[in-house]
Amino acid sequence: MMRRVLIIDDEKDVGNLFKIYLEKSGEYQIDVYTDPVDALYYFKKGLYDLVLLDLKMPQIDGISMYQQLKKVDSNTGSVNLRYYSPPLIQNHKYYYLLLYHYT
C-alpha cells in the first residue's frame with residue numbers, strides 16, 4: 001500500500017521538489033498545496049501518513065496550521081525539523097515541521 005503524503009508550502013517550486021524526490025521511491029502518493037487554507041479544507045482524518053509543512057507562510061504560519069490540522073485529526077503527531085536546505089537550491093533555507101501519524 002502506498003503511503004499518502006501532504007506537502008504544504010507557499011512556494012510551488014519547493015513543494016514540487018519534495019514531491020519529485022519522494023515519488024522516486026515509488027512508495028508515496030503526494031498531494032501538494034501552495035495555499036494552506038485550501039490544504040486545511042481538503043485535509044481529512046486518517047487520509048495522510050505524513051505532512052510536510054512549511055513554517056513560514058503568508059496566510060497562516062506552520063505552528064497555527066499544525067494546530068488546525070490537529071483539530072481535524074488528533075492522531076497527527078509531530079517531528080520537528082528546524083531547517084532543511086534542499087541540495088538543488090543553493091542559498092535558501094526552508095523551515096519545515098514534519099507531521100506524521102501511523103495508520
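Any chance the range 30-45 includes a residue that's farther than 25 Å from SER74 by Cβ and among the aromatic types (Phe, Trp, Tyr)? Even if it seems obvious, please write down each step before you answer.
We begin by selecting, within the range 30-45, every residue farther than 25 Å from SER74 by Cβ; these are 34.
Narrowing further to those that are among the aromatic types (Phe, Trp, Tyr): none.
So far as the range 30-45 goes, no, none of its residues is farther than 25 Å from SER74 by Cβ and among the aromatic types (Phe, Trp, Tyr).
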Of the conditions (1) free of Cβ contacts under 8 Å to residues at least 12 places away in the same chain; (2) closer than 11 Å to LEU6 by Cβ, the single one that SER74 does not satisfy is (2)
The residue that is surrounded by the fewest Cβ atoms within 10 Å (Cβ to Cβ), considering only those in the range 43-59 that are more than 15 Å from LYS70 (Cβ to Cβ) and either of a type in the set (Val, Ile, Thr) or over 13 Å from the mean Cα position of the chain (by Cα) (or both), is PRO58
Across the range 59-69, the tally of residues that are modelled with pLDDT under 85 and either β-branched (Val, Ile, Thr) or not in a helix (DSSP H, G or I) (or both) stands at 2
Counting only residues in the range 1-21 that are in a strand (DSSP E or B) and of a type in the set (D, E, K, R), the one farthest from the chain's Cα centre (by Cα) is identified as ARG3
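The values are calculated or read from the model by the stated rules, or taken from the named source; none is laboratory data. In this text, all values refer to a predicted model and were calculated from it rather than measured experimentally. Ideal geometry is used to build each Cβ from the backbone, glycine not excepted, and the neighbour counts take in all protein chains shown.
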